[in-house]
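K.L.:
I have a structure here, written as structure tokens, and I will follow up with some questions on it.
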């Protein structure tokens, strides 16, 4: 099962977040999700905000085009990214 799918120009991602990492990085696919390490702690929404900022930069979109759909309080999250202009390795355009 893939960690992403496209619906028109929207990219839906299943993410496994690892907060409090030494640096921000996409690790790769892990258990049907895209594992992403982020430096922010999982406190008061800081990790979610940091992850949104990281995804926006990675996919070349403004932060307002990255939306957290589910998983606000857990490590397993779902995001939708509107019209990404860059794609990291492992994600293929439709």
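K.L.:
Could you give every pair whose Cβ atoms fall below 8 Å, whose first residue belongs to the range 36-63 and is closer than 19 Å to residue 90 by Cα, and whose second residue is in a loop (DSSP other than H, G, I, E, B) and modelled with pLDDT under 95, counting only separations of at least 6 or pairs across chains?
P.N.:
Qualifying pairs under 8 Å: 58/88; 59/88.
K.L.:
So, one more: If you take just the strands (runs of 3 or more DSSP E) that sit entirely in the range 10-94, which of them hold at least 1 residues that are in contact with a helix residue (DSSP H, G or I) (Cβ under 8 Å, 6 or more places away or on another chain) and surrounded by 19 or more Cβ atoms within 10 Å (Cβ to Cβ)?
P.N.:
Details: elements: 10-18, 25-30, 33-37, 66-70, 76-82.
Passing ranges, in order: 10-18, 33-37, 66-70, 76-82.
K.L.:
Also, I was wondering about something else. Kindly provide the set of residues from the range 37-94 that are on the phi > 0 side of the Ramachandran plot, modelled with pLDDT of 95 or more and touching a strand residue (DSSP E or B) at 6+ places or on another chain (Cβ under 9 Å), ordered by number. Even if it seems obvious, please write down each step before you answer.
P.N.:
Going residue by residue through the range 37-94, those that are on the phi > 0 side of the Ramachandran plot are 44-45, 60, 71, 83, 90.
If we keep only those that are modelled with pLDDT of 95 or more too, we end up with 60, 71, 83.
If the condition is that a residue be on the phi > 0 side of the Ramachandran plot, modelled with pLDDT of 95 or more and touching a strand residue (DSSP E or B) at 6+ places or on another chain (Cβ under 9 Å), then 71, 83 are the ones that fit.
The values are calculated or read from the model by the stated rules, or taken from the named source; none is laboratory data. None of these values were measured; they are calculated from a predicted model. Every residue, glycine as well, gets a Cβ built from its backbone with ideal geometry; the counts of neighbours run over all protein chains shown.
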